[in-house]
Structure formats: structure tokens, C-alpha cells
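Working notes, beginning with the structure itself.
The values are calculated or read from the model by the stated rules, or taken from the named source; none is laboratory data. Note that the structure is a prediction, hence the values are computed from the model and not measured. So basically every Cβ, Gly included, is an ideal-geometry build from the backbone, and we count neighbours across all protein chains shown. In case anyone asks, the SASA skips ligands and DNA or RNA and just uses the protein heavy atoms, side chains included. Shrake-Rupley method; radii C 1.70, N 1.55, O 1.52, S 1.80 Å.
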Amino acid sequence: MFSGIPLFPTQASTLAADVDALYLFIVAITAFFGILVTIVVIYFAVKYRTNDPMKVGARIHGSIPLELAWSIIPFLITIVIFAWASSVFFDIYRPPDQTLEIYATGKRWMWKFQHLDGQNEINELHVPAGRPVKVTFTSEDVIHSLYFPAFRVKADAIPGRYSSVWFSATKLGEFHLFCAEYCGTNHSGMVGRVVVMEPTEYEAWLTGTVRGGSLASRGEQLFGDLACNTCHLSDGRGRGPSLVNKFGSPERLANGSTVPVDEEYVRESILMPAVKLVDGYQPLMPTFQGLVSEENVMALVEYVKSLRAQSSTVSRAEASEEPAQPAATRENR
Ligand code: CUA
């Protein structure tokens, strides 16, 4: 449509065409009425011009049909925009169930990406094409904003909170990634590239760059180093609740309310454990605010998540009375 004129970034995700269609619709509506009003103003200015400075205009007492028309027509148009935009918003906001998870942190002035298998990248992100990818991220200092123009997704990286974006890339190649929130001197240099690869190439890239263990195993290591495992016993008899099978299920709090155990809740419980105390436990846990970097918090979150995945493998193995699987052995380590 705009071939040769780079008005729009490439459409390189499943969401891109929907976002552009809505945007062009709004631009078209705005242009139509903008041009219509301009033409009418010029036409009336010419048609009703007069050379008599003493002439007074006729009195107008209003017109019900006219007023109804200019109220109802814009109302209907804005309702169409609202309904359409809500549908696009929910598509962008709600990731599919099965996504490739990637963590990221923004700090002045770089983006750090962390793959679950343990690979780290700075200002560069490798993803497979045709597969939904969810990036969960936060900031270590000020507000940044992670922006993938070709995928039409953007969200602020806010210190103290997790944000996420998801996309499914449809085109192979390299695309821009930006910080889209002014964050200081080198804000304009806080850029990078996202490399979309064939899934097989991506697998090869993953195995070719592996360093250290997976993110969850790094989290497990930290879990021991920080002595979390002295209270969070897996049999539930510790001073803190067992974390096995916790992720993804609701948790009852001491104040009687219930919260979903998601990334945000796990993060908050590490840094501010007293805020949402689990029902039946004492507020004994010290805060880890300032002691654990955001990247290490992500490793811990991923470890807590993996406790769910591994135990479900165990229970399945138990249910079918098969000999213990490698995953089950790992869980008992
Ligand atoms: Cu980070 Cu702008």
C-alpha cells in the first residue's frame, strides 16, 4: 500500500494487520470529516459573503432533526471504533495459552533478554517465527518502554512491576526494538534488534549459545544460596508454605482474600513478603528488597513455576505407576 514510502514499519506479526486496519479506519474517518468541514466552510464563506457592512444575519432557532443527526451519527461511529478497538486490545492484551516465555529487564541504557534455557542477550532478541512469544519484563531503574514496531506491540517497563507483551512473528529477518519512553541521556541509544528465525534455526541457535544451566536451575541454585529452602519445605511442614504446585493456582491470604499466584505475586512475595501473607503462616520472612537483582528474581520466579511443571510430571508418572521419569528424579534432588 505504501510501497516505497516508509510511513509504516513492516507488518511482521499476526497482530500487525489488525492494528493497522483500525488505525487507517480512524485516520480515514477523521480525514473525511476534516475535509468535509473545510469544504463546507469555504463554500459557505463564498456563498454568503456580503459587501454590506451593516447587514445582520437571519435568526436561527435551532433544528431538532439537524441536532439529532450530528449527535447520533458521531455516536454510532465512535461505538464502532470502541467495539473494534476493544477487540484488537484484547487480542494484544491476552496471550495465547501456549507461549514461548522470555524474560527481559530494561536498565539505563540497555535491554537484557533472558531465555528459559539460560541464554542471555543484550539489545538483541532471537525468536522463532510462527510461534507465540511472551516477553515478561521490568525495569531496574526508571521507566522504560519496550517497543517492537514491526509487531505493533509496546508496553512500559516499570520499576517494581512486571509488564508483558506477546507476539507471533510472521516474517523472517531483523526488526527494530526500541525504548519508547524518555529515560535519560542515552535514551535514543537504547535500541536493538529482534531476529526472527525459522524454528529449526532457532533450536540450533539455542543449543549453540547455551551457557550455564536453565533459568529455572539458576533459580534453584539461588533458592539454596539464599536459604529459601530452609523454610519453604516441599512437604508443607516448613515455616513458610510449600511452593510445589503453587504457581497458577489461587492462594488464600491471612486477611481472608484470595490472590492468583502469578509472576507478579511471586515477585512481590520475594521483595515484600509481608504485604500478602499466606493464610496460616507467620510474617517471618525477611524482605529481599535490594538483595536480589531483578534478573535473579526472574530466575526465582521461573524456579517456582518449574516446581509446578515438574510435580505434574511426577503425579502423572505416579498415576500410571510407571518407573520414575528423569524429571521426577530432578524434583527430588
Ligand atoms: Cu530506556 Cu528510553
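Measuring against 23 Å, Cα to Cα, the residue pairs LYS154/LYS246; LYS154/LYS305; LYS107/LYS171; LYS112/LYS246; LYS246/LYS276 contain LYS154/LYS246; LYS154/LYS305; LYS107/LYS171; LYS112/LYS246 as the ones spanning a longer distance.
May I ask for the net charge around SER269, where only other residues with Cβ less than 12 Å from the Cβ of SER269 are counted and Lys, Arg are +1 while Asp, Glu are -1? With Lys, Arg at +1 and Asp, Glu at -1, the net is -2.
With the highest mean first, a sort of the peptides 140-151, 119-130, 81-92, 59-70 on other beta-carbon atoms found within 10 angstrom per residue produces 140-151, 119-130, 81-92, 59-70. Using θ = phi - 60° in the Karplus curve 6.51 cos²θ - 1.76 cosθ + 1.60, the 3J(HN,Hα) couplings for region 163-179 round to 10, 8, 10, 9, 7, 10, 6, 10, 10, 7, x, 10, 10, 6, 9, 10, 8 Hz; x is entered for Gly and Pro. Ranked by the mean number of other Cβ atoms within 10 Å of their residues, highest first, the peptides 275-282, 258-265, 12-19 come out as 12-19, 258-265, 275-282. Could you look at region 56-196 and say what percent of its accessible area is carbon and sulfur, using a 1.4 Å probe and all protein chains? For region 56-196, the apolar C and S fraction of the accessible surface comes to 61 percent. What translational diffusion coefficient, in µm²/s and rounded to a whole number, does the Stokes-Einstein relation yield for region 215-314 at 25 °C and a viscosity of 0.890 mPa s, taking the hydrodynamic radius as the Kirkwood radius over Cα pairs? Once the numbers are plugged in, D ends up at 181 µm²/s. Charge tally around ARG108: other residues with Cβ under 10 Å, Lys/Arg +1 each, Asp/Glu -1 each, net -1. For LEU233, the amide hydrogen comes within under 5 Å of the amide hydrogens of GLY238, ARG239, GLY240, counting only partners 5 or more places away or on other chains and with H modelled in the peptide plane.
The alpha carbons of the chain stretch over 98, 50, 48 Å along the principal axes, in descending order. Each residue of region 73-79 was assigned a 3J(HN,Hα) from its phi angle through the Karplus curve 6.51 cos²θ - 1.76 cosθ + 1.60 (θ = phi - 60°); the sequence is 4, x, 4, 4, 5, 5, 5 Hz, with glycine and proline shown as x. For region 215-314, with all protein chains in place and a probe radius of 1.4 Å, 54% of the accessible heavy-atom surface sits on carbon or sulfur. The residues of the chain have, on average, 59 Å² of accessible surface per residue, using a 1.4 Å probe with all protein chains present. For the chain, adding -39500 (n - 2.57) for each run of n ≥ 4 DSSP H residues and dividing by the number of residues yields -12500 deg cm²/dmol at 222 nm.
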